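Some notes on the structure that comes next.
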Amino acid sequence: MKKLKGRDLLGTADLNAEETLSLLELARKLKNQELVIQCNKVLGLLFYKASTRTRVSFSVAMYQLGGQVIDLNPSLTQVGRGEPIEDTARVLDRYLDILAIRTFAQADLQTFANYAQIPIINALTDLEHPCQILADLLTVQECFGSLAGKTLTYLGDGNNMANSLLLGGALTGLNIRVAAPQGYEPDPDIVQRAQKIAAGKSEIVVTQDPIAAVEGAQVVYTDVWASMGQEDSADQRIPIFKPYQVNQQLINHADPQAIILHCLPAHRGEEITNEAIESERSRVWDQAENRMHAQKALLASLLGWE
């Protein structure tokens, strides 16, 4: 994956279809220990938002590549005291080999990329979560052998996860259906972009009907109804989103072999029932593990492994 060396991953569609599938194949080989890569580089983690899976999976991935990780807690660094992003970016560029950022505004991520020469990775913004999507696609691929022609239904808030799933599906030939309440749909510009990418390859559908969206789907996917930063509206959202809960009644409309995914953390009893997440159909824990393998492939590729 030499052609990815030095590049940024700010959004899912920063990769083309061939590059996405090649990353998934590299992740598969790394997971199955068919390949050993040593990068001996330094990864910085600058996380303005709380994290369990993203922080730990990136750290373990880099350690397994033979590299080092520096956790740049904003509250303990000058960015937490108002140092301009432009200044922080140029300084970190002199110290690190690669930087993963978890923040609110996509524009802040872009500013880092504009002022740093090292690869910048989107470890989650309010707009997108491309690293999660690589793990999701890897999980679906493991379960069904291929992505093309399969259907993934996402239920709930049209948030960063929905946005990135739309783009990831469009790139890989995976049909994506998003069912969300009125007023909570995915970003319309991303929907339009995904439809353009998917033209002739896969189907991109946004609907308010959860049952129609799930009908015959091979993958049923959900996320929390209130993302980080939206906690104040969490209680008000529950009655609006209740029809989109992943429960047995809804799953019965999916393909008999359908799997259940959730990017975690899960609010059991809200967007998904305990029965559903603990069922034999659930691949949630494989999905969480695959964060590490997909990100190891991504780190190695952006760093230009030999």
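The values are calculated or read from the model by the stated rules, or taken from the named source; none is laboratory data. Please read these numbers as outputs of a predicted model, since none were measured by experiment. Please note: Cβ atoms are built from the backbone with ideal geometry, for glycine as well, and neighbour counts cover all protein chains shown.
Quick look at the numbers
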| quantity | calculated |
| --- | --- |
| Checking ASP97 against (1) more than 20 Å from the chain's Cα centre (by Cα); (2) over 25 Å from GLU289 (Cα atoms), the condition it does not meet | (2) |
| Test: residue in the range 179-198 that is crowded, with 22+ Cβ neighbours inside 10 Å, under 26 Å from THR52 (Cβ atoms), among the small types (Gly, Ala, Ser) and under 19 Å from the mean Cα position of the chain (by Cα) | yes |
| Within the range 229-269, tally of residues that are buried (at least 17 other Cβ atoms within 10 Å of the Cβ), assigned to a helix (DSSP H, G or I) and at pLDDT 95 or above | 4 |
| Selection status of SER202, hydroxyl-bearing (Ser, Thr, Tyr) and under 19 Å from ASP126 (Cβ atoms) | no |
| Qualifying positions in the range 271-306 - of a type in the set (Asp, Glu) and surrounded by fewer than 20 Cβ atoms within 10 Å (Cβ to Cβ) | GLU275, GLU278, GLU280, ASP286, GLU289, GLU306 |
| Lone qualifier among ALA116, ALA123 - being outside the structural domain of PRO181 (by TED's automatic domain parsing), of a type in the set (A, V, I, L, M, F, W, C) and over 12 Å from the mean Cα position of the chain (by Cα) | ALA116 |
| Residue within the range 133-145 that is over 23 Å from LYS31 (Cα atoms) and either crowded, with 18+ Cβ neighbours inside 10 Å or hydroxyl-bearing (Ser, Thr, Tyr) (or both) present | no |
| Any hit, the range 28-42, residues being buried (at least 21 other Cβ atoms within 10 Å of the Cβ), modelled with pLDDT of 95 or more and of a type in the set (Val, Ile, Thr) | no |
| Residue in the range 74-112 that is nearest to LEU10 (Cα to Cα), counting only those that are of a type in the set (Val, Ile, Thr) and part of a loop (DSSP other than H, G, I, E, B) | THR103 |
